[in-house]
Amino acid sequence: MPTSLAAVADDAATCTRCALAGGRTNVVFGMGDPTSDLMFIGEGPGAEEDKQGLPFVGRSGQLLDRLMAEELGLTRDRVYIANVVKCRPPNNRDPLPDEIAACRPYLEAQLELIAPKVVVTLGKFAGQLLLGSKEGITRLRGHSYPFATGVLVPTVHPAYVLRGGGEPMAQMRADLVRAKQALAEAGSTLVTTAPGTVR
């Protein structure tokens, strides 16, 4: 097991394990509190993320920040945010199986070192990968699943919410409430609500 998140990030910064390395501006490793009880995992960086080297900083990230504040009472510096793949797929296409496989050791190291009590996956790829499922996100979401370090809560991707309007927004809000409940039940100091009182 790697000794620190910084060491894993250093390794990822020069990674050439897949073809995505050739088109990146920056490796988007992750950001936030490396000791947090809550970790968000998306699928891959977009244009703005590739430019800044930070996850979820475009319109999707702004929505995630807003819903995190409204439903969890948290800002991004109190959680950890990462992606399945650390380099931007061309034209924001879906990551390919070999790209996901090449990047998986980095994500697994992040999960092992951070050991979050609750993981929220954003979109299909992260949920399917971590649950070992082929089900679509609309079937996976709406439930909490036992996970290596605690509980996994799949939800839709913020980009889907931006395109889809009211129903996906309501789904994502409900899933974040589910994550808050899981944090409370795990005794996390991130939430002050007692178990059973989450709205």
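Scanning segment 121-132 for any residue that is more than 24 Å from residue 36 (Cα to Cα) and among the aromatic types (Phe, Trp, Tyr) turns up nothing. The C-beta contact set for segment 95-108 (first residue closer than 10 Å to residue 129 by Cα, second residue surrounded by fewer than 21 Cβ atoms within 10 Å (Cβ to Cβ), distance under 8 angstrom, 6+ apart or interchain) comprises 100/129; 104/129.
Looking only at segment 157-177, residues that are buried (at least 23 other Cβ atoms within 10 Å of the Cβ) and either at positive phi or in contact with a Pro (Cβ under 6 Å, 6 or more places away or on another chain) (or both) come to 1 in all. Which ones in segment 26-53 are in contact with a Lys or Arg (Cβ under 6 Å, 6 or more places away or on another chain) and free of Cβ contacts under 8 Å to residues at least 40 places away in the same chain? 50 - this is the single residue of segment 26-53 that is in contact with a Lys or Arg (Cβ under 6 Å, 6 or more places away or on another chain) and free of Cβ contacts under 8 Å to residues at least 40 places away in the same chain. Condition check for residue 93 on (1) at pLDDT below 95; (2) buried (at least 19 other Cβ atoms within 10 Å of the Cβ): one failure, at (2).
Let me confirm something: among 191, 119, which residue is closer than 19 Å to residue 78 by Cα and modelled with pLDDT of 95 or more? So that I can check it myself, show each step before the final result.
Details: 191 fails: modelled with pLDDT of 95 or more.
Matching residue, one of 191, 119: 119.
Looking only at residues in segment 6-25 that are touching a residue at least 60 places away in the same chain (Cβ under 8 Å) and closer than 27 Å to residue 151 by Cβ, the one that is surrounded by the fewest Cβ atoms within 10 Å (Cβ to Cβ) is 12.
The helices (runs of 4 or more DSSP H) located wholly in segment 96-199 that include 1 or more residues which are over 16 Å from residue 64 (Cα atoms) occupy 97-114, 124-131, 137-140, 166-185.
What are the residues in segment 130-154 that are surrounded by 20 or more Cβ atoms within 10 Å (Cβ to Cβ) and over 22 Å from residue 188 (Cβ atoms), if any? Answer for segment 130-154, where residues must be surrounded by 20 or more Cβ atoms within 10 Å (Cβ to Cβ) and over 22 Å from residue 188 (Cβ atoms): 137, 140. For segment 12-32, which residues satisfy the criterion of being outside any loop (DSSP other than H, G, I, E, B) and in contact with a strand residue (DSSP E or B) (Cβ under 9 Å, 6 or more places away or on another chain)? Of everything in segment 12-32, those that are outside any loop (DSSP other than H, G, I, E, B) and in contact with a strand residue (DSSP E or B) (Cβ under 9 Å, 6 or more places away or on another chain) turn out to be 31, 32. Restricting segment 124-137 to residues that are touching a residue at least 12 places away in the same chain (Cβ under 8 Å) and out of contact with any helix residue (DSSP H, G or I) (no Cβ under 6 Å at 6 or more places or on another chain) leaves a set whose member that is farthest from residue 4 (Cα to Cα) is 136. Applying the criterion of being among the aliphatic types (A, V, I, L, M) and within 16 Å of residue 128 (Cα to Cα) to the residues of segment 77-90, the residue that is surrounded by the most Cβ atoms within 10 Å (Cβ to Cβ) is 85.
Among the residues of segment 47-76, count how many are outside any helix (DSSP H, G or I), at pLDDT 95 or above, surrounded by 15 or more Cβ atoms within 10 Å (Cβ to Cβ) and not aromatic (Phe, Trp, Tyr).
Keep residues of segment 47-76 that are outside any helix (DSSP H, G or I), which gives 53-58, 73-75.
Those still in the list that are at pLDDT 95 or above too: 53-57, 73-75.
If we keep only those that are surrounded by 15 or more Cβ atoms within 10 Å (Cβ to Cβ) as well, we get 53-57, 74.
Narrowing the set further to residues that are not aromatic (Phe, Trp, Tyr) leaves 53-55, 57, 74.
Residues that pass the stated criteria total 5.
For residue 86, the conditions (1) without any contact (Cβ under 8 Å) to a residue 60 or more places away in the chain; (2) closer than 15 Å to residue 11 by Cβ; (3) part of a loop (DSSP other than H, G, I, E, B) all hold with the exception of (1).
The values are calculated or read from the model by the stated rules, or taken from the named source; none is laboratory data. Not measured: the values here are computed from a predicted model. Heads up, the Cβs are rebuilt from the backbone with ideal geometry, glycines too, and the neighbour counts pull from every protein chain shown.
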